[in-house]
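Quick notes on the structure that follows.
The values are calculated or read from the model by the stated rules, or taken from the named source; none is laboratory data. Keep in mind that what you see is a predicted model, and the values were worked out from it rather than measured. Cβ sites come from the backbone with ideal geometry, for glycine too, and all protein chains shown count toward neighbours.
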Amino acid sequence: MGASKLKLVRNVNHSRRFRLVVLMAGCFGVTMAFLVVSKPQTPVHSNPGFRTWLPPPQSGDDVVNGDNNGIQGSHSATSEEEDALNSQALGKVEKEEKQVPHVAEINIEKEKSFQREENAIVVDSTPKEEASIHELTGTMQIPERKPLCDVSDQRVDVCEMYGDIRIPGNTSSVIFMEPSNAEPKELWQVHPYPRKGDETCLAGVRELTVKSSSESPKCTFHHDVPAIVFSVGGYTGNLFHDFTDLLVPLFLTARQFDGEVRFVVTDFKRWWIAKYLPVLQRLSKYPVIDHDKDEEVHCFKQVIVGLRAHKEFHIDPARAPNGYTMIDFTKFMRRVFSVGRETLNCIEDLSAWKPRLLIIARKRSRAFTNVDEIVAAAEELGYEVVVGEADAGTNLARFAQIVNSCDVMMGVHGAGLTNFVFLPLNATVIQIVPWGGLEWIAVLDFGNPAKEMGLNYVQYSISIEESTLSEQYPRDHPAFTDPMSFHKRGFHVVRSTFMENQNVKLDVSRFRDVLWKALEHMLQ
């Protein structure tokens, strides 16, 4: 009896084990069939901060046309097969859960909607072997860009572009490449010289056409650094204009690139480039391109046409890259020409030290007619006097050394005062203003800039007796009784009357007080 019961239990256990093995084999078979038949696709991943990732499309046309051919269709078929297999293997409850849309399908639909709303596809408008907008940006959406040029400033028009920009040599064109279907096209006419509105000046400046286009000559030279396009026409050759129109704006525009920028120059003047080559080489590590004679098609990823400029001899830190100031500019110029002194220290005992005074002597107009008297008066006060002449032919590097060695510089309003950029900080500039209501331009051109450079500034306006105009006109002439009436007739009248035809004979007794004031600045 006991043996029969034991045999019965064993049979039951064998039956249970057999059913369990059959059940496990059946589940394994169903699972394998599901995996083979359904071929589930790669899951869609979400990357925070970026657009949802999708499997690559079947062709470029699919992307351009906004279709997901080969993705949406295969996913629908797979979902049906999944439903059938899941209902057999997992039962009614899991079948009901399957009725909820698959997360991959939701993401695909969101992606399609996002693409339709944002128009996210970028079309490559240039041959693949050339630098193009597509190569620069990939398939990322390009944000809506600003107009190529900003013409709102009163002093200069500046165009700044990022992407595929082409500059064909010996032309007047700068071309911003865009897809053929981009609208609207842009066309700008600009003079790349910061003296906007001055027709006399701009008559010597080549006008450039800056435009967006889908057509351009093929690139023959690719650059990995930005380009700055500007003209050395205009008023170049006048030391003041060389600085206020070009060197200060060049510093303001190019210094931020730390040498990694290329200059493309129109109205090329070889003598001008040679004169200021030390400055150009400090701002750019690359040879200057003579745009007027070059035959290459230069291609850049960033181009600035025109030079940023503020007021005369002025940098506004609020508008300047890196908050540059005129003190930064003068420090830069002193380093370019390797002048020694950065700062003039205060003097405690004049008896043990002779301050150096530089007199800027002009030759043609606004010249001192009694230089010897001025020198003698200054030496009586303890100055060591240096008389220097500064004109277009002056060796700038050599003269910079002379200026930097001096503590006070004086001269009649004119380009020669521009050399004050080489004075050490805390030195003094004395500007003698000719007769004729010229105080406003004296302050604008040199007075305010001197203060911004960290210099002490003293202004001296001459009297009628100190002007050679008293030898040309009677005392009741409007030049003396109403000089501002000449200003109303235009600056050309002011220039011809009070600037080109006037010299200065200083009253040294009256001027002595000015020289004393300069000494007081050094004693503070």
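Tabulated data for the structure shown
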read-out: Unique residue being farther than 26 Å from HIS310 by Cα, in contact (Cβ under 8 Å) with a residue 60 or more places away in the chain and either out of contact with any Asp or Glu (no Cβ under 9 Å at 6 or more places or on another chain) or small (Gly, Ala, Ser) (or both) when the list is ASN395, ASN370; value: ASN370
read-out: PRO249 farther than 15 Å from VAL174 by Cβ and in contact with a Lys or Arg (Cβ under 7 Å, 6 or more places away or on another chain); value: yes
read-out: Some residue of segment 239-251 being among the charged types (D, E, K, R) and under 21 Å from MET326 (Cβ atoms); value: yes
read-out: Pair list, Cβ under 8 Å, 6 or more apart: segment 171-194 residue of a type outside the set (Phe, Trp, Tyr), other residue loosely packed, with under 15 Cβ neighbours inside 10 Å and not in a loop (DSSP other than H, G, I, E, B); value: SER172/THR209; SER173/THR209; VAL174/THR209; LEU187/THR209; GLN189/THR209
read-out: Test: residue in segment 399-419 that is loosely packed, with under 14 Cβ neighbours inside 10 Å and in contact with a strand residue (DSSP E or B) (Cβ under 9 Å, 6 or more places away or on another chain); value: no
read-out: Tally, over segment 473-507, of residues that are in contact with a helix residue (DSSP H, G or I) (Cβ under 8 Å, 6 or more places away or on another chain) and in contact (Cβ under 8 Å) with a residue 12 or more places away in the chain; value: 15
read-out: Residue under evaluation LYS517, criteria (1) over 25 Å from ILE347 (Cα atoms); (2) surrounded by fewer than 17 Cβ atoms within 10 Å (Cβ to Cβ); (3) not acidic (Asp, Glu), criterion not met; value: (1)
read-out: Among (1) modelled with pLDDT under 95; (2) closer than 25 Å to ASP513 by Cβ, the one test that ILE374 misses; value: (1)
read-out: Within segment 195-219, considering residues that are among the small types (Gly, Ala, Ser) and in contact (Cβ under 8 Å) with a residue 60 or more places away in the chain, the one farthest from LYS185 (Cα to Cα); value: GLY204
read-out: LEU246 being in contact with a Ser or Thr (Cβ under 6 Å, 6 or more places away or on another chain) and surrounded by 15 or more Cβ atoms within 10 Å (Cβ to Cβ); value: no
read-out: Residue within segment 324-334 that is under 22 Å from ASN456 (Cα atoms), over 28 Å from the mean Cα position of the chain (by Cα) and either assigned to a loop (DSSP other than H, G, I, E, B) or modelled with pLDDT of 90 or more (or both) present; value: no
read-out: In segment 335-353, residue modelled with the lowest pLDDT [restricted to those that are in a loop (DSSP other than H, G, I, E, B) and of a type in the set (A, V, I, L, M)]; value: ILE347
read-out: Hits in segment 434-448 - residues which are surrounded by 20 or more Cβ atoms within 10 Å (Cβ to Cβ) and within 26 Å of the chain's Cα centre (by Cα); value: ASP445, PHE446
read-out: Leading residue by the ranking (surrounded by the most Cβ atoms within 10 Å (Cβ to Cβ)) among those in segment 254-267 that are farther than 11 Å from SER231 by Cα and without any contact (Cβ under 8 Å) to a residue 60 or more places away in the chain; value: ALA254
read-out: Test: residue in segment 173-192 that is over 23 Å from the mean Cα position of the chain (by Cα), among the hydrophobic types (A, V, I, L, M, F, W, C), buried (at least 21 other Cβ atoms within 10 Å of the Cβ) and assigned by TED's automatic domain parsing to the domain that holds GLY306; value: no
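Conditions (1) buried (at least 18 other Cβ atoms within 10 Å of the Cβ); (2) in contact (Cβ under 8 Å) with a residue 12 or more places away in the chain, marked per residue:
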| residue | (1), (2) |
| --- | --- |
| LYS269 | no, yes |
| HIS291 | yes, yes |
| HIS298 | yes, yes |
| PRO317 | no, no |
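Yes/no per residue for (1) among the small types (Gly, Ala, Ser); (2) crowded, with 21+ Cβ neighbours inside 10 Å:
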site: ALA450; (1), (2): yes, yes
site: SER463; (1), (2): yes, no
site: HIS477; (1), (2): no, no
site: PHE480; (1), (2): no, no
site: LYS505; (1), (2): no, no
